[in-house]
Amino acid sequence: MNQPVVSARNLRLRYGDTSALNGASLELQAAERVALMGPSGSGKSSLLHCLAGVVTPQNGEIWFEGERLDRLSEARRSAVRLQRMGMVFQFGDLVPELTLVENVLLPLRILGTRRRAARTAAMELLDRLGVADVADHRTGAVSGGQAQRAAVARALVHQPAVVFADEPTGSLDSVTAERVLDAMVSLTRESGAALFVVTHDNIVASHLDRHLVMHDGATSDTVGASR
């Protein structure tokens, strides 16, 4: 069996007196598309942040591409996120002072790609996502859906092993949400990246291969619905 790209075992995380994770475990295979569901406060975002190396649990193990992520230095975890992970958040979190294309090419520039090559790669993705016509607009001059598609492009432009998405369509209308989600699924399928989506929306989850449900900081599998 192939080694999972991400593996978490018995994660436990507390914030003061509050237990966020209580034995959460999962495996995410390369190119797999997984939805993490559950009620508010069940630990979904905490689990995503641990898997991405943003937060370190008090107990348990997290492995990323064969490396013990939770034991790495903060600097090394940041490097792994930059090089091998993509992130999409509910409100995009684009840099408002930059244009859409500048936001998208930013990871490549940080990784040392020459500006012309980085812009070419960014424009190709923005074109695939249907927002090339506003590539040189700042985020405040485009719609929420256009900005979110740019956020998807930014998450994928450096060809990560996994894309983590936290309620990526939560602030969008249903039509725009469908377009953004379809783009994420199709582009990760083409690139071979795994996709891990935190969502409360059954429609979003129906686009993904496998569903996990969180209750009181622990995970359980349910039946997925591939499309």
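What share of Cα pairs, in percent, lie more than 21 angstrom apart in the chain? The share of Cα pairs beyond 21 Å in the chain comes to 54 percent. For segment 79-183, a Kirkwood radius taken over Cα pairs fed into Stokes-Einstein (37 °C, viscosity 0.692 mPa s) yields D = 245 µm²/s. Of interest is the spacing of the C-alpha centroids, which for segment 45-117 and segment 135-202 amounts to 15 Å. Among the trypsin sites (Lys or Arg not before Pro) in segment 108-145, those located in a DSSP loop and surrounded by at most 14 other Cβ atoms within 10 Å of their own Cβ are Arg114.
Normalising the average separation of contacting C-alpha pairs (under 8 angstrom, six or more residues apart) by the number of residues puts the relative contact order of the chain at 29 percent.
When the chain is fully extended, how far beyond the present Cα-Cα distance does Ser19 get from Glu65, taking 0.36 nm per residue of separation?
Full extension of this stretch gives 13.8 nm more.
Taking the chain as a Gaussian network, Cα atoms linked when under 10 Å apart, which of Asn22, Asn202, Asn103 shows the biggest mean-square fluctuation? Among Asn22, Asn202, Asn103, the largest GNM mean-square fluctuation belongs to Asn202. Here the Gaussian network model covers the chain, with springs between Cα atoms less than 10 Å apart; of Ala35, Ala165, Ala75, Ala75 fluctuates the most. Once you order the gyration tensor axes a ≥ b ≥ c over the Cα atoms, which shape class does segment 167-222 get: rounded for a/c under 1.5, otherwise prolate or oblate by comparing a/b with b/c? Oblate. When shorter helices are ignored and each DSSP H run of at least 4 residues is given -39500 (n - 2.57), the per-residue value for the chain at 222 nm works out to -10500 deg cm²/dmol.
Which of the helices in the chain meet the span-like rule: DSSP H, Cα axial reach of 24 Å or more, Kyte-Doolittle mean at least -0.5? Sorted by number, the helices that extend far enough and score high enough are 174-191. Given springs between every Cα pair under 10 Å in a Gaussian network model of the chain, which of Ala132, Ala79, Ala52 has the largest fluctuation? The residue with the greatest mean-square fluctuation here is Ala79. Note on segment 6-222: dipole from Cβ charges, positive end direction compared against Ser220, Ser174, Gly130; the farthest Cα belongs to Gly130.
A short reminder: the numbers here are calculations on the coordinates, not readings from a lab. Predicted model, so just to flag it, every value in this text is computed and none were measured. Reconstructed Cβ throughout: ideal geometry from the backbone, glycine too, with neighbour counts over all protein chains shown.
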